[in-house]
Amino acid sequence: MKKTALALALMFTFSCLLVISQIQTGNASDKLYLWELHNEGAQVEAEYQIRITAPDSWQANTPYEVTVRVISKNYYEVKIDSAKTVLESENFSLEAFSQEEPKILTQPADIYSEKFSFNIPTDKLVSGENFTVSAIAVISLSSVSGSSEGLNGTWNNYNNPLTASLYFSSQSTSSPEPTPTPPEGHSYSIPAIFLIGPSIVIVMVGLGLLVYLKKRHKP
């Protein structure tokens, strides 16, 4: 009986991990890298994180939104002068620019965040064929005069932009009914929903097996 209970526990744990992993990966593509600013004359280095978050699914005729964040790792005061996100594939290239006023980062954990919206041109896609999209974040910032303690200059990551690669299924604009999306506030994706059912079935079968074995071993 102990072996049966252990097998059931392992089965239940595996099912839960399978569902959770699909929920996490089905939410968005999230890329992060460390951006180091160098001021050789003053021997000063400053570190910032650039983070790009983009949904891993897209529905035709709806805006596709990409969120870009710059996170400070130090006490230098710098100003986010501009931010641009490029969405490109073999068939199209789109650009979106920051609409916010320049923001100053002054201490660790200060965040600049903006959401960029794109209208993917369905007329340039082949219905039913998958396609790859790269979401590229380009940031330009500068030191704040008189307040950066030796950190002076202007920097950008044009030569080393942060890129998130995404893989979509092309959807025809002639489809009479669009693919339904989860209600707002739910983080799971449609593929994850289909995995929840089988996982529940596995657990129910395991429980039934345990009850059967208990009855069988009764004198």
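The values are calculated or read from the model by the stated rules, or taken from the named source; none is laboratory data. Just so it is clear, the structure is predicted and the values come from calculations on it, not from any experiment. Cβ coordinates were reconstructed from backbone atoms using ideal geometry, including for glycine residues, and neighbour counts include every protein chain displayed.
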Inset, instruction - Taking residue 18 as the residue in question, decide whether it is loosely packed, with under 15 Cβ neighbours inside 10 Å, under 21 Å from the mean Cα position of the chain (by Cα) and either at pLDDT 80 or above or not assigned by TED's automatic domain parsing to the domain that holds residue 123 (or both). - result: no
Legend entry - Matching option when the condition is in a loop (DSSP other than H, G, I, E, B), surrounded by fewer than 16 Cβ atoms within 10 Å (Cβ to Cβ) and assigned by TED's automatic domain parsing to the domain that holds residue 45, among 95, 65, 101: 101
Inset, instruction - Could you please find all residues in the range 43-62 being at pLDDT below 90, of a type in the set (D, E, K, R) and in a strand (DSSP E or B)? - result: 45
Inset, instruction - Identify all residues within the range 29-42 that are modelled with pLDDT under 75, buried (at least 16 other Cβ atoms within 10 Å of the Cβ) and more than 16 Å from residue 137 (Cα to Cα); write none if there are none. - result: 39
Inset, instruction - Give just the number: which of (1) at pLDDT 70 or above; (2) surrounded by fewer than 16 Cβ atoms within 10 Å (Cβ to Cβ) does residue 182 not satisfy? - result: (1)
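For residues that are part of a strand (DSSP E or B), surrounded by 14 or more Cβ atoms within 10 Å (Cβ to Cβ) and of a type outside the set (Phe, Trp, Tyr), scanning just the range 105-114, find the one that is farthest from the chain's Cα centre (by Cα). Even if it seems obvious, please write down each step before you answer.
Here is the first cut: in the range 105-114, the residues part of a strand (DSSP E or B) are 105, 111-114.
With surrounded by 14 or more Cβ atoms within 10 Å (Cβ to Cβ) added as a condition, the list becomes 105, 112-114.
Next cut, of a type outside the set (Phe, Trp, Tyr) only: 105, 113-114.
Details: 105: 23, 113: 14, 114: 14 Å.
The residue in question is 105.
Please go through the range 148-169 and pick out each residue that is of a type in the set (Val, Ile, Thr) and surrounded by 13 or more Cβ atoms within 10 Å (Cβ to Cβ). Explain how you work it out, then say what you get.
As a first pass, look at the range 148-169 and keep what is of a type in the set (Val, Ile, Thr): 154, 163.
Residue satisfying the conditions is 163 alone.
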Legend entry - Looking only at the range 68-90, and only at residues there that are assigned to a strand (DSSP E or B), under 17 Å from residue 136 (Cβ atoms) and of a type outside the set (A, V, I, L, M), the one that is nearest to the chain's Cα centre (by Cα): 69
Inset, instruction - Name, by its number, the condition in (1) over 22 Å from the mean Cα position of the chain (by Cα); (2) at pLDDT 95 or above that does not hold for residue 95. - result: (1)
Inset, instruction - Scan the range 151-171 and report the pairs whose first residue is at negative phi and whose second residue is among the basic types (Lys, Arg), with Cβ atoms within less than 7 Å and a gap of 6+ or a chain change. - result: 162/31; 164/31
Inset, instruction - Could you figure out which of (1) within 19 Å of the chain's Cα centre (by Cα); (2) loosely packed, with under 15 Cβ neighbours inside 10 Å isn't true of residue 48? - result: (2)
